[in-house]
Structure formats: C-alpha cells, structure tokens
1. How about the stretch 81-103: which of its residues are modelled with pLDDT of 85 or more, out of contact with any Phe, Trp or Tyr (no Cβ under 7 Å at 6 or more places or on another chain) and aliphatic (A, V, I, L, M)?
2. Would it be correct to say that Leu36 is touching a residue at least 12 places away in the same chain (Cβ under 8 Å), farther than 22 Å from Tyr88 by Cα and assigned to a helix (DSSP H, G or I)?
3. Which numbered condition in (1) at pLDDT below 90; (2) in contact with a helix residue (DSSP H, G or I) (Cβ under 9 Å, 6 or more places away or on another chain) is the only one that Asp78 fails?
4. Residue under question is Ile23, and the condition is that it be among the β-branched types (Val, Ile, Thr) and modelled with pLDDT under 85; does it hold?
5. Go through the stretch 47-67 and count every residue that is open to solvent by 70 Å² or more (accessible area, probe 1.4 Å) and either out of contact with any helix residue (DSSP H, G or I) (no Cβ under 9 Å at 6 or more places or on another chain) or at pLDDT below 90 (or both).
Amino acid sequence: MRAVVHGVLALLGAAAGVAGALIQGGWFPGGLLLALGGAAALFWGGALATRSRLGAGTPAGGWTVAVVLLTFTRPQGDFIFAAGAGSYLFLLGGMVIAVLCATLAPSERPLFAVP
C-alpha cells in the first residue's frame, strides 16, 4: 500500500512539474506564483498524508525529474525554459520549497490520532 501511495505521489509531482513549467512562463508573475504554490501544496500534502519526510520527498523527486528533463533543448531548437528570471525563480524556488517541506514535515504522530 505504501509503495502505491508513493508511486502516485511521484506521478503527481511529475505532473505538477510539467504544468508548472508551462504556466510559469505564460502568465508571469501570477503563473510563477501559482506554479510554486501548487508545488508547495503537493509537497506539504504528501508529507501530511504519509506523516513522513519521504512523503514530501517523493513528489519533489518526481517534480525534479520532470523539470530537469524539460530543461534540455531538442535538436530542432525547441525548449520550455527560456533564459529569464521567471524560469530560474521557478527552478530554484521549487527546490527550496521541496527542501523546506521535507525538513519541516511532521512525523511525531499519525494524522488522525486522538490524544
């Protein structure tokens, strides 16, 4: 069951990376804030759902793989990320948010525990 949850979180992270890469350049600066907010919500939600740091790291890993693959240029000259401030803020901001969510992930008690 745990492997399925982490697999779904990784796929959601990859989808958030692709969607964020497309939206951040289209509607700057609102798209950048929306993309980073969505990534933060996914990373923190994964940490809360699994009550572990790995729960934040799994979607962050999927996000990172998708974003890194999108940084490569194709032989035809096509690219997703232009050399601009918005692209760099998206890449670096997403990495910082991933580290923050993994570091601050609550893991003391189960999510629905009654004290």
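1. Leu89, Leu91, Leu92, Met95, Val96, Val99, Leu100, Ala102
2. Here the answer is no, as Leu36 does not meet what is asked.
3. (2)
4. Judged against the criteria, Ile23 is not a match.
5. The qualifying residues number 3.
Here's the yes/no breakdown for (1) touching a Ser or Thr at 6+ places or on another chain (Cβ under 8 Å); (2) under 18 Å from Gly7 (Cβ atoms); (3) not in a loop (DSSP other than H, G, I, E, B):
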residue: Ala41; (1), (2), (3): no, no, yes
residue: Gly46; (1), (2), (3): yes, yes, yes
residue: Gly62; (1), (2), (3): no, yes, yes
residue: Ala82; (1), (2), (3): no, no, no
residue: Phe90; (1), (2), (3): no, no, yes
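The values are calculated or read from the model by the stated rules, or taken from the named source; none is laboratory data. Source: prediction; values computed, not measured. Positions of Cβ are generated from backbone atoms using ideal geometry, with glycine treated the same way; all protein chains shown enter the neighbour counts. Remember, those area values only see protein heavy atoms, side chains included, never the ligands or the DNA or RNA. Shrake-Rupley method; radii C 1.70, N 1.55, O 1.52, S 1.80 Å.
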